[in-house]
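Novice: One structure is given below, represented as C-alpha coordinates, and several questions about it will come after.
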Amino acid sequence: MRRTTTIALLAGLASTAFVAAPALAADGDATVSVLHGVPGLTVDVYVNGAETIPDFKPGTLTDPLMLPAGSYDIAVYADGDTPDSAEPALSADGLEVPAGANLTLAAHLAEDGTPMLSAFVNDISQTAPGEARLTVRHAAAAPAVDVRAGETPVIEGLTNPNEKVLNLPAGMVSADVVLAGTDTVVLGPADLDLKEGTNTIVYAWGSAADENLDLAVQTISGLHSNPEGVPTGQGGLVDNGALLVLAMAGVAGAVIAGRRVVRSERV
(Lines give C-alpha, C1' and ligand atoms only; values in the text may rest on other atoms or scores of the structure.)
Protein backbone atom coordinates (compact mmCIF):
# COMPACT_ATOMS: atom_id res chain seq x y z
CA MET A 1 0.00 0.00 0.00
CA ARG A 2 1.44 3.38 -0.96
CA ARG A 3 2.51 6.03 1.53
CA THR A 4 -0.23 8.43 0.38
CA THR A 5 -2.86 5.86 1.26
CA THR A 6 -1.29 5.48 4.70
CA ILE A 7 -1.55 9.19 5.36
CA ALA A 8 -5.13 9.39 4.08
CA LEU A 9 -6.25 6.52 6.30
CA LEU A 10 -4.64 7.93 9.41
CA ALA A 11 -6.06 11.40 8.80
CA GLY A 12 -9.51 9.87 8.53
CA LEU A 13 -9.09 8.13 11.87
CA ALA A 14 -8.18 11.36 13.62
CA SER A 15 -11.04 13.39 12.14
CA THR A 16 -13.55 10.71 13.15
CA ALA A 17 -12.23 10.83 16.73
CA PHE A 18 -12.74 14.57 17.01
CA VAL A 19 -16.33 14.37 15.77
CA ALA A 20 -17.58 11.55 17.97
CA ALA A 21 -15.74 11.84 21.26
CA PRO A 22 -18.19 14.15 23.08
CA ALA A 23 -21.10 11.77 22.48
CA LEU A 24 -20.07 9.28 25.18
CA ALA A 25 -19.83 10.50 28.75
CA ALA A 26 -20.28 7.94 31.53
CA ASP A 27 -18.70 6.92 34.79
CA GLY A 28 -15.83 4.45 34.63
CA ASP A 29 -13.03 3.71 32.21
CA ALA A 30 -13.55 2.64 28.62
CA THR A 31 -12.63 -0.93 27.71
CA VAL A 32 -11.23 -0.77 24.20
CA SER A 33 -9.48 -3.19 21.86
CA VAL A 34 -8.08 -2.36 18.43
CA LEU A 35 -7.88 -4.57 15.36
CA HIS A 36 -5.39 -3.63 12.65
CA GLY A 37 -6.96 -5.18 9.56
CA VAL A 38 -5.45 -3.14 6.71
CA PRO A 39 -2.89 -5.26 4.83
CA GLY A 40 0.40 -3.56 4.01
CA LEU A 41 0.04 -0.70 6.49
CA THR A 42 2.54 -0.42 9.36
CA VAL A 43 2.73 2.69 11.57
CA ASP A 44 4.56 4.14 14.57
CA VAL A 45 2.51 5.98 17.19
CA TYR A 46 3.86 8.70 19.48
CA VAL A 47 2.27 10.27 22.54
CA ASN A 48 3.62 13.47 24.07
CA GLY A 49 6.66 13.12 21.82
CA ALA A 50 7.58 9.59 22.91
CA GLU A 51 7.31 6.53 20.65
CA THR A 52 4.86 4.15 22.31
CA ILE A 53 3.72 1.76 19.57
CA PRO A 54 6.51 0.94 17.13
CA ASP A 55 5.77 -1.21 14.11
CA PHE A 56 2.04 -1.75 14.67
CA LYS A 57 1.42 -4.41 12.05
CA PRO A 58 -1.60 -5.71 10.15
CA GLY A 59 -3.35 -8.64 11.79
CA THR A 60 -2.66 -7.43 15.33
CA LEU A 61 -5.57 -7.38 17.75
CA THR A 62 -4.65 -5.61 20.97
CA ASP A 63 -5.37 -6.89 24.41
CA PRO A 64 -8.28 -5.01 26.01
CA LEU A 65 -7.26 -1.71 27.50
CA MET A 66 -8.86 0.08 30.43
CA LEU A 67 -8.46 3.72 29.53
CA PRO A 68 -9.11 6.49 32.02
CA ALA A 69 -11.15 9.34 30.65
CA GLY A 70 -8.89 12.22 29.72
CA SER A 71 -7.19 14.26 27.05
CA TYR A 72 -4.06 13.18 25.14
CA ASP A 73 -1.75 14.48 22.39
CA ILE A 74 -1.08 11.98 19.59
CA ALA A 75 1.28 11.98 16.59
CA VAL A 76 1.34 9.17 14.02
CA TYR A 77 4.24 8.59 11.63
CA ALA A 78 4.71 6.35 8.64
CA ASP A 79 6.73 3.36 9.80
CA GLY A 80 10.38 4.32 10.18
CA ASP A 81 9.84 8.08 10.32
CA THR A 82 10.61 9.96 13.53
CA PRO A 83 10.01 13.48 14.86
CA ASP A 84 13.65 14.24 13.96
CA SER A 85 13.42 13.02 10.37
CA ALA A 86 9.92 13.86 9.15
CA GLU A 87 6.67 15.61 9.80
CA PRO A 88 3.95 13.34 11.24
CA ALA A 89 1.37 11.87 8.93
CA LEU A 90 -1.03 13.45 11.39
CA SER A 91 -0.89 15.14 14.76
CA ALA A 92 -3.84 15.78 17.04
CA ASP A 93 -3.81 17.54 20.38
CA GLY A 94 -6.42 17.14 23.07
CA LEU A 95 -7.97 13.86 21.94
CA GLU A 96 -10.62 12.94 24.49
CA VAL A 97 -10.89 9.33 25.70
CA PRO A 98 -14.57 8.55 26.46
CA ALA A 99 -15.65 6.61 29.53
CA GLY A 100 -17.88 3.61 30.03
CA ALA A 101 -17.67 1.81 26.68
CA ASN A 102 -16.75 -1.77 25.77
CA LEU A 103 -15.91 -1.79 22.10
CA THR A 104 -13.49 -2.84 19.42
CA LEU A 105 -12.20 -0.37 16.88
CA ALA A 106 -11.29 -1.97 13.55
CA ALA A 107 -9.22 -0.31 10.86
CA HIS A 108 -9.99 -2.52 7.86
CA LEU A 109 -10.95 -2.63 4.20
CA ALA A 110 -14.40 -2.03 2.76
CA GLU A 111 -15.80 -4.50 0.22
CA ASP A 112 -14.22 -2.46 -2.59
CA GLY A 113 -10.82 -2.35 -0.88
CA THR A 114 -11.09 1.20 0.45
CA PRO A 115 -9.60 1.64 3.95
CA MET A 116 -12.27 2.36 6.55
CA LEU A 117 -12.82 2.47 10.29
CA SER A 118 -15.62 0.67 12.17
CA ALA A 119 -16.52 0.84 15.86
CA PHE A 120 -18.14 -2.38 17.04
CA VAL A 121 -19.89 -2.34 20.41
CA ASN A 122 -19.23 -5.67 22.11
CA ASP A 123 -22.24 -7.57 23.49
CA ILE A 124 -21.46 -8.13 27.17
CA SER A 125 -24.99 -9.00 28.25
CA GLN A 126 -25.32 -12.06 30.48
CA THR A 127 -25.49 -15.44 28.77
CA ALA A 128 -27.86 -18.23 29.75
CA PRO A 129 -26.51 -21.18 31.77
CA GLY A 130 -24.64 -23.62 29.51
CA GLU A 131 -24.51 -21.16 26.62
CA ALA A 132 -21.83 -19.19 24.83
CA ARG A 133 -22.05 -16.28 22.42
CA LEU A 134 -20.49 -16.21 18.94
CA THR A 135 -20.10 -12.92 17.09
CA VAL A 136 -18.94 -12.88 13.46
CA ARG A 137 -17.81 -9.59 11.90
CA HIS A 138 -17.17 -9.06 8.18
CA ALA A 139 -14.23 -6.66 7.89
CA ALA A 140 -12.69 -7.87 4.61
CA ALA A 141 -12.55 -6.68 1.03
CA ALA A 142 -14.84 -9.48 -0.07
CA PRO A 143 -18.47 -9.94 -1.13
CA ALA A 144 -21.25 -11.31 1.06
CA VAL A 145 -20.41 -14.57 2.84
CA ASP A 146 -22.09 -17.42 4.67
CA VAL A 147 -20.64 -18.89 7.85
CA ARG A 148 -21.03 -22.65 8.23
CA ALA A 149 -20.77 -24.96 11.22
CA GLY A 150 -20.30 -28.56 10.21
CA GLU A 151 -20.93 -27.53 6.56
CA THR A 152 -24.37 -26.19 7.50
CA PRO A 153 -24.91 -22.41 7.10
CA VAL A 154 -25.63 -20.73 10.44
CA ILE A 155 -25.11 -17.17 9.15
CA GLU A 156 -26.14 -16.25 5.63
CA GLY A 157 -25.44 -13.22 3.46
CA LEU A 158 -23.20 -11.34 5.88
CA THR A 159 -21.82 -8.17 4.29
CA ASN A 160 -19.02 -5.76 5.17
CA PRO A 161 -18.98 -4.04 7.73
CA ASN A 162 -21.79 -5.88 9.49
CA GLU A 163 -21.93 -8.50 12.23
CA LYS A 164 -24.12 -11.37 13.34
CA VAL A 165 -24.47 -12.56 16.95
CA LEU A 166 -25.51 -16.11 17.90
CA ASN A 167 -26.17 -17.64 21.32
CA LEU A 168 -25.18 -21.30 21.19
CA PRO A 169 -24.61 -24.26 23.51
CA ALA A 170 -21.06 -24.12 24.84
CA GLY A 171 -18.61 -26.49 23.14
CA MET A 172 -16.23 -26.93 20.22
CA VAL A 173 -17.42 -25.69 16.83
CA SER A 174 -15.68 -26.21 13.48
CA ALA A 175 -16.59 -23.31 11.23
CA ASP A 176 -15.68 -22.06 7.78
CA VAL A 177 -16.58 -19.08 5.60
CA VAL A 178 -17.92 -19.51 2.07
CA LEU A 179 -19.09 -17.11 -0.62
CA ALA A 180 -22.78 -16.49 -0.02
CA GLY A 181 -24.99 -19.17 -1.54
CA THR A 182 -22.05 -21.37 -2.60
CA ASP A 183 -19.72 -24.05 -1.28
CA THR A 184 -16.62 -22.01 -2.19
CA VAL A 185 -14.54 -21.82 0.98
CA VAL A 186 -12.66 -18.54 1.46
CA LEU A 187 -11.61 -19.01 5.09
CA GLY A 188 -11.24 -21.97 7.40
CA PRO A 189 -12.21 -24.37 8.64
CA ALA A 190 -11.28 -23.13 12.11
CA ASP A 191 -11.98 -24.84 15.42
CA LEU A 192 -13.55 -22.51 17.98
CA ASP A 193 -13.80 -23.38 21.66
CA LEU A 194 -17.02 -21.62 22.70
CA LYS A 195 -16.79 -21.68 26.47
CA GLU A 196 -19.75 -21.08 28.72
CA GLY A 197 -20.23 -17.44 29.58
CA THR A 198 -18.00 -16.05 26.82
CA ASN A 199 -18.46 -13.98 23.70
CA THR A 200 -16.08 -15.25 21.02
CA ILE A 201 -15.73 -12.58 18.34
CA VAL A 202 -14.35 -13.63 14.95
CA TYR A 203 -13.22 -11.05 12.39
CA ALA A 204 -12.69 -11.82 8.72
CA TRP A 205 -10.18 -9.27 7.39
CA GLY A 206 -7.86 -8.75 4.42
CA SER A 207 -8.60 -8.85 0.69
CA ALA A 208 -10.07 -11.64 -1.40
CA ALA A 209 -8.56 -10.17 -4.58
CA ASP A 210 -5.10 -10.08 -3.03
CA GLU A 211 -5.55 -13.58 -1.55
CA ASN A 212 -4.63 -12.49 1.97
CA LEU A 213 -7.89 -13.10 3.82
CA ASP A 214 -7.39 -14.06 7.44
CA LEU A 215 -9.17 -14.40 10.78
CA ALA A 216 -8.67 -12.58 14.07
CA VAL A 217 -10.31 -13.81 17.27
CA GLN A 218 -11.26 -11.90 20.41
CA THR A 219 -12.82 -13.38 23.55
CA ILE A 220 -14.82 -11.64 26.27
CA SER A 221 -15.31 -13.83 29.33
CA GLY A 222 -17.22 -13.69 32.61
CA LEU A 223 -20.63 -13.16 31.03
CA HIS A 224 -22.32 -16.03 32.87
CA SER A 225 -21.88 -14.33 36.24
CA ASN A 226 -20.82 -10.73 35.66
CA PRO A 227 -22.47 -8.75 32.84
CA GLU A 228 -19.54 -6.39 32.76
CA GLY A 229 -17.29 -9.21 31.56
CA VAL A 230 -13.51 -9.49 31.57
CA PRO A 231 -12.26 -8.95 28.02
CA THR A 232 -9.30 -11.02 26.85
CA GLY A 233 -7.66 -10.67 23.44
CA GLN A 234 -5.97 -13.03 21.02
CA GLY A 235 -2.78 -11.88 19.28
CA GLY A 236 -2.40 -9.23 21.96
CA LEU A 237 -0.17 -6.21 22.37
CA VAL A 238 1.43 -4.74 25.47
CA ASP A 239 -0.33 -1.85 27.19
CA ASN A 240 1.46 0.66 24.99
CA GLY A 241 -1.23 -0.28 22.48
CA ALA A 242 -3.44 2.13 24.39
CA LEU A 243 -1.98 5.02 22.48
CA LEU A 244 -3.29 3.87 19.13
CA VAL A 245 -6.65 3.50 20.80
CA LEU A 246 -6.44 7.14 21.82
CA ALA A 247 -6.07 8.17 18.21
CA MET A 248 -9.18 6.18 17.31
CA ALA A 249 -11.26 6.07 20.47
CA GLY A 250 -13.55 8.97 19.65
CA VAL A 251 -15.68 6.71 17.49
CA ALA A 252 -16.93 5.21 20.72
CA GLY A 253 -19.69 7.79 20.42
CA ALA A 254 -21.46 5.05 18.49
CA VAL A 255 -22.28 3.42 21.83
CA ILE A 256 -25.83 4.32 22.87
CA ALA A 257 -27.17 3.23 26.26
CA GLY A 258 -26.36 -0.48 26.13
CA ARG A 259 -27.33 -1.05 22.48
CA ARG A 260 -25.01 -2.86 20.07
CA VAL A 261 -24.10 -0.48 17.26
CA VAL A 262 -21.74 -0.65 14.30
CA ARG A 263 -20.46 2.72 13.11
CA SER A 264 -18.31 2.94 9.98
CA GLU A 265 -16.35 5.76 8.42
CA ARG A 266 -15.03 5.45 4.89
CA VAL A 267 -11.72 7.13 4.18
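Novice: Can you give the Kirkwood hydrodynamic radius of segment 107-166 from its Cα pairs, in Å with one decimal? It would help to have the intermediate numbers written out before the result.
Specialist: Numbers: mean 1/r = 0.0775 Å⁻¹.
After inverting the pairwise mean of 1/r, the radius is 12.9 Å.
Novice: If you don't mind, another one. Per-residue accessible area for Thr182 at 1.4 Å probe radius, Å² rounded to 10?
Specialist: About 50 Å², rounded to the nearest 10.
Novice: Once the whole set of protein chains is in place, how much accessible area is left on Val173, using a 1.4 Å probe, in Å² to the nearest 10?
Specialist: 30 Å²
Novice: For the residue pair Glu156 and Thr184, what label-to-label distance in nm results when each label sits 7 Å from Cα along the Cα-to-beta-carbon direction?
Specialist: 1.9 nm
Novice: Quick one: length gained pulling Met66 to Asn167 fully straight, 0.36 nm per residue minus the C-alpha distance?
Specialist: Details: separation 101, 0.36 × 101 = 36.36 nm, distance 2.64 nm.
Extra length available between Met66 and Asn167 comes to 33.7 nm.
Novice: Further question: Per the Cauchy relation, a quarter of the hull surface: what is the mean projected area of the convex hull of the alpha carbons in segment 72-216, in nm²?
Specialist: On the way: hull surface 43.6 nm².
Hull-based average projected area comes out at 10.9 nm².
Novice: Could I ask something else about it? Test of understanding: what is the full-extension gain from Asp81 to Ala50, defined as 0.36 nm times their sequence separation minus their Cα-Cα distance?
Specialist: Details: separation 31, 0.36 × 31 = 11.16 nm, distance 1.29 nm.
Net length gain for the segment: 9.9 nm.
The values are calculated or read from the model by the stated rules, or taken from the named source; none is laboratory data. Here the structure is a predicted model, which is why all the values come from computation and not from measurement. For neighbour counting, all protein chains shown are included, and Cβ atoms are generated from backbone atoms with ideal geometry for every residue, glycine included. Accessible surface areas use protein heavy atoms only, side chains included; no ligands, DNA or RNA. Shrake-Rupley method; radii C 1.70, N 1.55, O 1.52, S 1.80 Å.
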